[in-house]
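Novice: Quick one: this structure, given as structure tokens, is what I'll be asking you about.
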Amino acid sequence: MSAPICTTAILAVAINWGTLEDRMSVLLSALVSSKEPNAGIIVYFVPENSATRFSIVDRVARRNTFIPATDDDPELPAIETIHLEWMSFFNSLGRARSARNHITHGVIRLVPSGRSGRMVTRLAPSMWDYDRWANLKPGQAPGFSHQDVERTAEKIDVLAKRATLFRTAALYCHDDRTKLQKIADELVAHRRRHGGLLQDDQIPQEQLEPPRSSGG
């Protein structure tokens with residue numbers, strides 16, 4: 001991997017991350033109300049870090065919007081599907097944020113790889129980041145390869161598109177719940193189309209919680 005190529009991939013991560021943050025702010029606005037724009041889009045950027053921003057969106061989605069209207073809501077199957085898709089999405093956001101942070105704070109350097117100690121170019125943490133280097137498995141090269149960085153950029157792009165789908169789901173929750181099954185099916189199909197990027201982000205069944213109605 002040459003440094004110029006890696007720099008292009010890093011730039012793609014940065015640009016796609018900015019798009020994702022924009023989509024998440026619009027999503028929060030839609031989660032709050034179908035009358036957009038509203039305070040949600042302003043509140044999103046108040047916290048300084050993306051972890052807090054994502055947590056705010058997650059809380060509103062799970063506790064306010066993607067819930068049954070009543071205990072006998074006829075759209076309950078669709079809501080349950082959207083809720084499960086959301087849990088997977090939120091987990092993916094956390095993993096993407098971690099990867100993006102590693103890439104942002106990494107340095108392009110030659111590092112030993114494998115038992116042979118062959119030198120390879122990686123986007124790796126500082127040599128003085130002892131904790132990260134100490135956690136490497138025997139023979140494991142630190143940091144990200146060019147392919148890893150490209151894959152992260154692609155994953156962030158997919159998540160931005162999923163944020164737009166969830167915005168549509170939020171608007172349907174407010175205005176036309178009969179369309180929820182349609183968007184639920186679209187969310188499932190979209191995740192399956194990009195399973196290669198999202199397959200490691202599935203939530204263990206025991207960590208999933210059913211959506212509760214506003215009266216529950």
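Novice: Is there a residue in the range 66-85 that is assigned to a helix (DSSP H, G or I), among the aliphatic types (A, V, I, L, M) and touching an Asp or Glu at 6+ places or on another chain (Cβ under 8 Å)?
Specialist: Checked the range 66-85: at least one residue is assigned to a helix (DSSP H, G or I), among the aliphatic types (A, V, I, L, M) and touching an Asp or Glu at 6+ places or on another chain (Cβ under 8 Å).
Novice: Still on this model: Suppose we keep only residues that are assigned to a strand (DSSP E or B) and among the hydrophobic types (A, V, I, L, M, F, W, C) within the range 90-109. Which one would you say is surrounded by the fewest Cβ atoms within 10 Å (Cβ to Cβ)?
Specialist: Val107
Novice: What about Arg63, is it under 22 Å from Arg192 (Cβ atoms), surrounded by fewer than 17 Cβ atoms within 10 Å (Cβ to Cβ) and either among the hydrophobic types (A, V, I, L, M, F, W, C) or modelled with pLDDT of 85 or more (or both)?
Specialist: no
Novice: Checking Thr70 against (1) within 22 Å of Arg177 (Cα to Cα); (2) of a type outside the set (A, V, I, L, M, F, W, C); (3) at pLDDT 95 or above: exactly one of these is not met. Which one?
Specialist: (3)
Novice: Would you mention how many residues in the range 94-113 are in contact (Cβ under 8 Å) with a residue 40 or more places away in the chain and out of contact with any strand residue (DSSP E or B) (no Cβ under 7 Å at 6 or more places or on another chain)?
Specialist: Of the residues in that region, 7 qualify.
Novice: Please go through the range 31-60 and give me each residue that is of a type in the set (A, V, I, L, M, F, W, C), loosely packed, with under 15 Cβ neighbours inside 10 Å and not in a loop (DSSP other than H, G, I, E, B), ordered by number.
Specialist: Across the range 31-60, the qualifying residues are Ala39, Ile42, Ala51.
Novice: Could you count how many residues in the range 1-41 are at pLDDT 90 or above, among the hydrophobic types (A, V, I, L, M, F, W, C) and under 20 Å from Arg62 (Cα atoms)?
Specialist: So the count comes out to 9.
The values are calculated or read from the model by the stated rules, or taken from the named source; none is laboratory data. Given the structure is predicted, the values throughout are model-derived calculations rather than measurements. Methodologically, a virtual Cβ is constructed for each residue, glycine included, from the backbone with ideal geometry; neighbour enumeration extends over all protein chains shown.
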